[in-house]
Amino acid sequence: MSQMTDIYYPTTRDDIIRVKQSIHALQSEFDSAMALIAQTQLRVEEIKKEIELKEALIAPIKLLTFDALSTIFEVSGEVEWSSPLQISGVCRFWRQVVLATPRAWSFVQLQSGTPLKIANLFFDRSGQCPLHINFPKELPYRTLSPIAHRIRCLTVQDFPPDTRDLVFTNLHRVAITHSRHPIPVSFFNCHRFPTLKYLRSNMAVTKDEPSRDTEDTPPPPPLKGWSLWLMQNEAWMGCLHRVQDTLVSLKLLLNSDNHIEQRHSISLPALKSLEIKGYRIYGWPIEIETPRLETYVETLDRDDDSTHPIHRDTKNVTHMRIHNPPPPSTCQRLQKLQLGLDLHRSLPILEEYLSDEKAYPELKTVEIRSFVTQDLLDKALQGMKLAGREVNIVALTEWTPLPDVVIDICGRYMPCA
């Protein structure tokens, strides 16, 4: 049989019988080995599942107490409003925890097409917790009325006329995004909104009816922050005068469609942050006296090449975000400067100013919004003459936050949260 290893050796009948017997034996052995592999693989999968199950029993998440999970679910609700619905489907224990955590259900950020029954589910499960509601349309009276006293923060398209008699006793922040109904000056008063502090109003404001007795008009709520569109209808100026003593943060917006001919002036003694934003504007309609102003933001599409801030009272400003570096004489107390001008245009102007040690004497940081890496910026700075100034100049893709600026979007760490 040794000769059978040579495939060219003549095969006899006996050889054929012996080879077939050998093949059969090997095939049986092969089948047994494959069956053993399959059994082993099944066992491997079983062991994996057993290991995962055992690991799940001692996973850190299993060691969290009811209270710890409740806190986590609250934060989840702030970050992603619909997360309580997903959490409740994970396991029985998590469902028990999230259903017993009303604050997790108190953030309702509805989208267009979301059924109102989903909102009502959140309203019910949030117990008596203050509500943060973002609704893309007008909220019907029947929905708003039962919960008006619980709303802490409200972003809504409009206040329909049939809801304007409601009283929002705990509302701290309201944003009206696309009002189709002009709102009278007296609408935002301390009787209807006794605790209102932050207002975003993208709507037309109208004067009250001449027949209305101004002595009977309730005073405004104690507003601290206001994002205000300037309209040709100058009723907005009356609104601003009504809250001039309490405003800490103000954002003013204007575009060419609402060009305002008449010039106005006002004093805002408590104002710490002013933001001015405009599109294709031709002159600024309001002069503001701001003795305590510390933060100034200017985002303008101007019709001139002036580097002077359009707001003139910046002598006490310590933080500024602006397109061009302002003349040093306008802001001698400046500590942080954020520039929207591109890097190649910003650096020569900065070099001109910073070469004078008397310019910006308190300046510590300059942030340039750019996608240029910090390494490339550092190389560009090496040849600059900065008169020995210790100013940190950095390139960032996103600005760092500035103190007291008006934030338009509700979210975690917001004043209303």
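Identify which of P219, P160, P115 has the largest mean-square fluctuation in a Gaussian network model of the chain, with springs joining Cα atoms closer than 10 Å.
P115
Can you give me the three principal axis dimensions of the chain from its C-alpha atoms, in Å, biggest first?
121, 66, 41
Non-local amide H neighbours of N255 (under 5 Å, H modeled in plane, Pro and chain starts lacking H): which ones?
Amide H neighbours of N255: Y279.
Can you give me the distance in nm between label points at F30 and D15, each placed 7 Å from the Cα along the Cα-to-Cβ direction?
My value for the distance between the label points is 2.1 nm.
First check a/c for region 337-403, with a ≥ b ≥ c the square roots of the eigenvalues of its C-alpha gyration tensor; if it is under 1.5, answer rounded, and if not, answer prolate when a/b is larger than b/c or oblate otherwise.
Because a/c hits 1.5 or more and a/b fails to exceed b/c, region 337-403 counts as oblate.
Taking neighbour counts of Cβ atoms within 10 Å as a proxy for exposure, in what order, fewest first, do T217, T143 appear?
Going from least to most buried by this count: T217, T143.
Between M384, M237, M320, where does the largest GNM mean-square fluctuation fall for the chain, given springs only between Cα atoms within less than 10 Å?
M384
222 nm [θ] for the chain, helices only, -39500 (n - 2.57) per DSSP H run of 4+, per residue, to 500?
Per the formula, -9000 deg cm²/dmol.
Return the whole-Å distance between the Cα centroid of region 108-162 and the Cα centroid of region 32-88.
35
Work out, step by step, the length gained on full extension between I47 and T114: first 0.36 nm times the residue separation, then minus their alpha carbon distance; give nm to one decimal.
Once the chain is fully extended between I47 and T114, it gains 19.7 nm.
What does the charge dipole of region 2-61 about its Cα centre add up to, to the nearest 20 debye, if the Cβ of each Lys and Arg holds +1 and the Cβ of each Asp and Glu holds -1?
So the dipole magnitude of region 2-61 works out to roughly 80 debye.
Ranking W399, W229 by Cβ neighbours within 10 Å, fewest first, what do you get?
The fewest-first ordering by Cβ neighbours comes to W399, W229.
Report, to the nearest 10°, how far helix 343-354 tilts away from the longest principal axis of the Cα atoms in the chain, using its own Cα long axis and a range of 0 to 90°.
Around 50 degrees separate the two axes.
A 32 angstrom limit on the alpha carbon distance is what I want to check against. Which of K277/K358; K49/K117; K20/K48; K197/K277; K137/K336 exceed it?
Listed pairs above 32 Å: K49/K117; K20/K48; K137/K336.
Taking the chain as a Gaussian network, where each spring joins two C-alpha atoms under 10 Å apart, which residue of C129, C91, C153 fluctuates the most?
Answer for the Gaussian network model of the chain: C91.
First measure r as the distance between the Cβ atoms of V372 and I58, then evaluate 1/(1 + (r/R0)^6) with R0 = 51 Å and state the FRET efficiency to the nearest 0.05.
0.60
Once label points are set 7 Å from the Cα along Cα→Cβ at both Q262 and Q332, what is their separation, rounded to one decimal in nm?
3.7
Using per-residue counts of other Cβ atoms within 10 Å, averaged over each peptide, order 95-107, 53-65, 346-358 from highest down. Please report the intermediate quantities before stating the final value.
Working: 95-107: 21.1, 53-65: 9.5, 346-358: 15.8.
Going from most to least packed, we get 95-107, 346-358, 53-65.
If you take the beta carbon distance between V75 and K379 as r and set R0 to 35 Å, what does 1/(1 + (r/R0)^6) give as a FRET efficiency, to the nearest 0.05?
With a Förster radius of 35 Å, E is 0.25.
Per the Cauchy relation, a quarter of the hull surface: what is the mean projected area of the convex hull of the alpha carbons in region 2-61, in nm²?
6.5
Sorted from fewest to most neighbouring beta carbons within 10 Å, what does the list Y296, Y360 look like? Walk me through the numbers on the way to the answer.
On the way: Y296 27, Y360 23.
By the 10 Å Cβ count, ascending: Y360, Y296.
Read the figures in this text as sums done on the coordinates, not as results from a lab. These numbers were taken from a predicted model, which means no experiment stands behind them. For neighbour counting, all protein chains shown are included, and Cβ atoms are generated from backbone atoms with ideal geometry for every residue, glycine included.
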